[in-house]
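Step one of this worksheet: look at the structure below.
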Amino acid sequence: MLRMNFPMICMVPFFFAFGLALNGQSENPNIGSWSGVIINNNCTPDEAFNEAPKCTEKDVPGAKLALYDDTTRQIFILDPQDQAIGHLGDSMTVTGALDGNTVHVASLKMHISIGLAVGQKAPDFSARDQFGKLQTLETLKGPKGTVLLFFRSADW
């Protein structure tokens, strides 16, 4: 009798593990956050990048509110729209689930400040320079201090 049930006993853990694997696949891998500027979707990524006035016009018939990410030059429609109303031209972070080019908004937060406050110490970092040499805040420090400039939206 024990010999007959042994294959069945071995199969139970297999089905349990298989069920867990399927459950993990049903989670949405497109959940995340995106930062950018709230615009109308009636402008192109190039117009949004160049801050064309039409991108932040109010009451454009048929236009939807969208988030323009200038890092990737993508425009994401926001659904629902209510949290973004009144924020045209504002820099925001949207958290939600991405479905095609639509973000199903869970939260929308305005950027209060960007960068470090005057006098605030820069966080430790390491990055390779144009010659491949590893640089840190300490290796860049000169006798009178250090000036760091980050320019993230270069149009090369």
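The values are calculated or read from the model by the stated rules, or taken from the named source; none is laboratory data. This one's a predicted model, so the numbers in the text were calculated from it and none came from an experiment. Heads up, the Cβs are rebuilt from the backbone with ideal geometry, glycines too, and the neighbour counts pull from every protein chain shown.
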**Prompt:** What are the pairs, 6+ residues apart or on separate chains, where a residue within the range 121-133 that is basic (Lys, Arg) has its Cβ under 9 Å from a residue that is outside any loop (DSSP other than H, G, I, E, B) and surrounded by 10 or more Cβ atoms within 10 Å (Cβ to Cβ)?
**Reply:** Lys121/Leu137; Arg128/Gln135; Lys133/Thr139
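Among the residues of the range 73-90, how many are in contact with a Pro (Cβ under 9 Å, 6 or more places away or on another chain) and not in a strand (DSSP E or B)?
Count: 1.
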**Request:** Tell me the strands (runs of 3 or more DSSP E) entirely within the range 91-156 that contain at least 2 residues that are at pLDDT 90 or above.
**Result:** 91-99, 102-110, 134-136
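Could you list, in sequence order, the residues of the range 102-148 that are closer than 30 Å to Leu65 by Cβ and touching a helix residue (DSSP H, G or I) at 6+ places or on another chain (Cβ under 7 Å)? Before you say what the answer is, go through the steps one by one.
Looking only at the range 102-148, we keep the residues that are closer than 30 Å to Leu65 by Cβ, and these are 102-115.
Those that are closer than 30 Å to Leu65 by Cβ and touching a helix residue (DSSP H, G or I) at 6+ places or on another chain (Cβ under 7 Å): Val105, Leu108.
Which members of the range 44-65 meet the condition of being aliphatic (A, V, I, L, M) and either in a helix (DSSP H, G or I) or in contact with a Phe, Trp or Tyr (Cβ under 6 Å, 6 or more places away or on another chain) (or both)?
First pass over the range 44-65, keeping only residues aliphatic (A, V, I, L, M): 48, 52, 60, 63, 65.
Scanning the range 44-65 gives a single hit, Ala48.
Table: residues versus (1) among the hydrophobic types (A, V, I, L, M, F, W, C); (2) at positive phi.
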position	(1), (2)
Glu51	no, yes
Gln74	no, no
Ile77	yes, no
His87	no, no
Asp99	no, no
Ser107	no, no
Glu138	no, no
Leu149	yes, no
**Message:** Being closer than 16 Å to Ser35 by Cα and over 13 Å from the mean Cα position of the chain (by Cα) narrows it down to one residue among Ile75, Ile112, Ile85; which is it?
**Reply:** Ile112
**Asked** What are the residues in the range 54-72 that are closer than 19 Å to Ala106 by Cα and either more than 20 Å from the chain's Cα centre (by Cα) or not hydrophobic (A, V, I, L, M, F, W, C) (or both), if any?
**Response** Lys64, Tyr68, Asp69
**Request:** Being of a type outside the set (A, V, I, L, M, F, W, C) and more than 17 Å from the chain's Cα centre (by Cα) is the filter here, so list the residues in the range 88-109 that pass it.
**Result:** Gly89
**Request:** State whether the residues of the range 86-107 include one that is surrounded by fewer than 11 Cβ atoms within 10 Å (Cβ to Cβ) and among the β-branched types (Val, Ile, Thr).
**Result:** no
